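Each value in this text was obtained by applying a stated rule to the coordinates, not by laboratory testing. Everything numeric here is computed off the predicted structure, so don't read it as measured data. So basically every Cβ, Gly included, is an ideal-geometry build from the backbone, and we count neighbours across all protein chains shown.
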Amino acid sequence: MRAWIAGLTALAVVGIVLALAGDDTLDAIAIALVGVAAVGAVSLGFYAIGRSEDEARAQDAASRREASSQPENGDGRITSRRPPRSRGDA
């Protein structure tokens, strides 16, 4: 990721230097280089956010698997949480 950041920064700097150098053709090339660097930076930001969300989702799934593998009462049986039925003779 740091290599991409360095590459995009270098691309933008080259574009700025070409813009300062002056000619119409160089200005067009400079605008294109800075534009590509800007689009790349925004794309890299979205990529970083998506990757962090994927990592968080994977950690959440792992913790859920760990929690569900441990039985609540210790003997591995599923216990009912409902109260017993009333047969009407109470």
Exercise. Using the Karplus equation 6.51 cos²θ - 1.76 cosθ + 1.60 (θ = phi - 60°), what ³J(HN,Hα) coupling, rounded to whole Hz, does each residue of the range 23-30 give in order, writing x for Gly and Pro?
Worked result: 5, 4, 5, 5, 4, 5, 5, 5
For this session: Considering Cα pairs under 8 angstrom that are at least six residues apart, work out the relative contact order of the range 2-67 and quote it in whole percent.
Result: 29
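Can you tell me the dipole magnitude for the range 2-67 around its Cα centre, using point charges on the Cβ only (Lys, Arg +1; Asp, Glu -1), in Debye to the nearest 20?
Values: 5 positive and 8 negative charges, 70 e Å.
Result for the range 2-67 is approximately 340 debye, rounded to the nearest 20.
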Problem set entry | Label-to-label distance, nm, for residues given as Ala56 and Val14 (7 Å Cα→Cβ offset) | 3.6
